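Working notes, beginning with the structure itself.
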Amino acid sequence: MKKYFLAIVVLAISISSYGQILEPVTWKTSVKKISATEYDLVATATIDDGWHLYSQVVPEGGPIATAFIFETGDNYTIAGKTKEGKGHTVDDPVFNMKITYFEKS
């Protein structure tokens, strides 16, 4: 009987820990043609309520910045840097600095 009880407890713990995986940010991408040889890659984040996404630029010692990594290829080149919207800039009491973040999208 103890073996069955232990097996049920282990199963319940493993199921509940699997249910704890959160994905508060989802991404959608699109491509916009801007000339005969150039395209803009657009990545849009949808952010769940109560969550936020940090800017790509944060002061040293602050939170981990959002980063985009592009693979290199023989058939294309990457021109320019990624851009982002205005976001919200606040005096963050945890990091004791001004930090920009995004809510909703």
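Whenever a residue of segment 35-53 is in contact (Cβ under 8 Å) with a residue 40 or more places away in the chain, its partners that are open to solvent by 90 Å² or more (accessible area, probe 1.4 Å) and not in a loop (DSSP other than H, G, I, E, B), lying with C-beta atoms within less than 8 angstrom and at least six residues away or across chains, give the pairs Thr44/Trp27; Thr44/Lys28; Thr44/Thr29; Ala45/Trp27; Thr46/Trp27; Thr46/Lys28. Scanning segment 39-61 for residues that are closer than 15 Å to Thr100 by Cα and not aliphatic (A, V, I, L, M), we see that the one that is most open to solvent (accessible area, probe 1.4 Å) is Glu60.
Under the condition of being at negative phi, surrounded by 12 or more Cβ atoms within 10 Å (Cβ to Cβ) and touching a residue at least 24 places away in the same chain (Cβ under 8 Å), the residues counted in segment 62-104 number 13. Residues of segment 64-105 being polar (S, T, N, Q) and over 13 Å from the mean Cα position of the chain (by Cα), which ones? Listed by number, the residues that qualify are Thr72, Asn75, Thr77, Thr82, Thr89, Asn96, Thr100.
The values are calculated or read from the model by the stated rules, or taken from the named source; none is laboratory data. If you're wondering where the values come from, they're calculated on a predicted model, not measured in any experiment. Neighbour counts are summed over all protein chains in view; Cβ atoms, including those assigned to glycine, are modelled from backbone coordinates with ideal geometry. Side chains included, ligands, DNA and RNA excluded: accessible areas come from the protein's heavy atoms. Shrake-Rupley method; radii C 1.70, N 1.55, O 1.52, S 1.80 Å.
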